[in-house]
1. If amide H atoms are built 1.01 Å from N in the plane of the peptide, which residues on other chains or at least 5 residues away come under 5 Å of the amide H of Gly458?
2. If I compute solvent accessible area with a 1.4 Å probe over the protein chains, what percent of it on the range 374-501 is carbon and sulfur?
3. Scan around Cys499 for amide H atoms under 5 Å from its own, H built in the peptide plane at 1.01 Å from N, and keep only partners 5 or more places away or cross-chain.
4. The range 410-501: which chymotrypsin sites (Phe, Trp or Tyr not before Pro) are DSSP loop and have at most 16 other beta-carbon atoms within 10 angstrom?
5. I need the calculated FRET efficiency for the pair Glu385 and Ser74, taking r as the beta carbon distance and R₀ as 56 Å, to the nearest 0.05.
6. Pairs of Cα atoms under 8 Å, at least six residues apart: use those to get the relative contact order of the range 76-127, whole percent.
7. With all protein chains present and a 1.4 Å probe, how do His350, His140 order by accessible area, largest first?
8. Please list the non-local residues whose amide H lies under 5 Å from the amide H of Arg363, H modeled 1.01 Å from N, same-chain partners needing a gap of 5 or more.
Amino acid sequence: APITRKRGAKAHKAPKWELPAEPTTIPTGEVVVSILGELYMFDANTGVFTQVASEVALTVIETDKYTYWMNVASDARRYVAQVVEPEMNAVFNHDHRSLIWNYFDEAGRAYSFSVVSVDDKHYETLHQGMTRAAYETLNHEPWHKVNESSQDYLLDAGEEDNDMMDIPEDWGSDGELSHIDEEEEVEEVESGDEEEGSGKESEEDDVVNVSDDDEDHEEEESDGDDEIDQIFRRAAVPENVKTTLTAAAEAAADESSDEEEDDESDEEESGDEDESGAGNGATAGGKEGHSAKNSMLAVGYKHDRSFVVRGSRIGVFRHGENDDIEFDTTISRIDDTRGTEFTPSSVMLHEQDSSMVLMNRDRPHELYRMDLEYGKVVEEWKVHEDIPTVSIAPNTKYSQMTGDKTLVGLSHNMLYRIDPRVGGDNMVVQNELQAYTTKSHFTAAATTDSGAIAVGSGKGEIRLFDRLGVRAKTTLPALGEAILGIDVTSDGRYVVATCKT
């Protein structure tokens with residue numbers, strides 16, 4: 001929350017017992033930031049920030065390569081000495097010239113501090129210096145190697161209540177930011193389409209070809225620099241799609257799941273134990289048994305059902321008229337086609353919500369299709385023996401409402417279409433595969449209603465593809481933390497990505 005104290009107003013001083021213990025030492029090194037300001041601490045009892053000191057010095061010290069410490073002290077005492085890291089959750093506010101961050105003492109107690117800079121010059125020094133320190137700490141890359149437009153993006157990302165910035169003009173037609181390693185080559189699939197580079201000779205295998213001439217490819221993708229605006233902002237939400245099932249519904253599902261499973265535990269243990277294994281605690285495949293926690297949520301659009309994954313079990317819930325959540329049933333054990341129980345690492349509803357596609361972390365080259373009417377895995381898809389799939393996504397935002405059989409697959413450095421109808425040991429559509437020769441560490445993907453794709457990576461980058469089989473149209477710079485999950489609105493206007501902190 002921003003500091004709203006009026007100038008000249010008397011601040012409430014926090015009792016000394018609320019402050020964390022004074023740091024015994026202040027790390028030394030090269031000073032990269034040194035500013036003056038007022039120090040505040042959030043008082044959970046009153047719900048406001050209270051003044052701790054009317055004048056403090058905040059310094060950022062580089063103690064080692066890509067290692068920074070932030071120190072806050074006054075003439076009276078030392079307040080903070082902490083390493084610059086993501087857990088700080090540093091947020092800047094230009095209007096109030098403030099920095100708000102989290103601090104954890106040795107006992108693990110959390111505090112929220114804020115420094116209000118004495119003037120705009122001190123604030124800009126703090127903003128830029130802390131952003132540089134955070135970037136270098138997370139990316140192990142010098143700040144000066146980041147181009148100007150990307151630096152502006154990173155600086156704006158740390159400020160609250162910012163308007164969305166437009167796509168910088170100097171990102172170029174191929175969308176690759178200049179701070180990204182220019183030696184990263186793109187592998188392309190052999191195709192009969194002349195625009196996609198027909199006639200290129202195969203390198204080492206039958207999966208991908210290395211592009212001999214990126215200029216033709218870039219010319220193909222440069223038709224209209226505003227193409228992202230057209231492709232990534234199109235369709236509205238279908239009329240029969242409910243969009244209000246959010247975190248509250250998930251919490252209700254969790255609570256309902258806990259209650260229903262507790263009520264039925266005796267019955268399952270006595271009557272269904274031999275059949276499902278759900279009451280056996282730790283088992284060979286299901287491992288977690290009843291000790292597992294809810295891990296994934298798949299929201300149905302077609303039949304008003306949602307599915308909560310817990311270990312090797314799936315709780316099924318009905319959507320009421322007012323988006324109420326009612327427990328329906330439990331799929332008590334997930335087995336592959338060989339009868340081996342497993343805990344899915346990812347799930348996706350498919351084929352008008354009649355099926356669910358499951359991933360097994362122990363078998364990354366395969367996918368499994370569960371028939372939801374019977375609650376059993378009925379098909380095993382061998383995607384490709386040389387391509388481990390790390391994530392899947394529907395072809396379009398609401399493909400699960402249709403009979404579409406294909407889906408989007410993601411490996412650590414490839415993006416491709418999977419077509420189960422092909423059969424055999426290779427279900428990758430060859431002319432719709434895009435790969436990077438260097439490790440891109442792709443982690444998650446999501447699609448718009450028009451089929452444009454947003455892909456997150458372990459580096460924290462987000463790539464935007466207008467379709468499969470071509471290079472990313474735009475790459476958003478990494479803020480430093482790995483992308484764990486990603487989603488995009490149906491019109492492509494907003495992308496939401498989650499990280500650890």
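1. Phe442, Thr443, Ile483
2. Within the range 374-501, the accessible surface is 51 percent carbon and sulfur.
3. Those lying under 5 Å, H to H, from Cys499 are Leu484.
4. The qualifying sites are Tyr494.
5. So, using R0 = 56 Å, E works out to roughly 0.30.
6. On the way: 54 pairs, mean separation 13.8, N = 52.
About 27 percent, as a whole number.
7. On the way: His350 10, His140 120 Å².
Greatest to least solvent exposure: His140, His350.
8. Sorted by chain and number, the residues that satisfy this come to none at all.
The values are calculated or read from the model by the stated rules, or taken from the named source; none is laboratory data. As the structure is a computational prediction, the values presented were derived from the model and not from experiment. Glycine also receives a Cβ, built like all others from the backbone with ideal geometry; neighbour counts cover every protein chain displayed. What goes into the accessible areas is simple: the full protein's heavy atoms, side chains included, and nothing from ligands, DNA or RNA. Shrake-Rupley method; radii C 1.70, N 1.55, O 1.52, S 1.80 Å.
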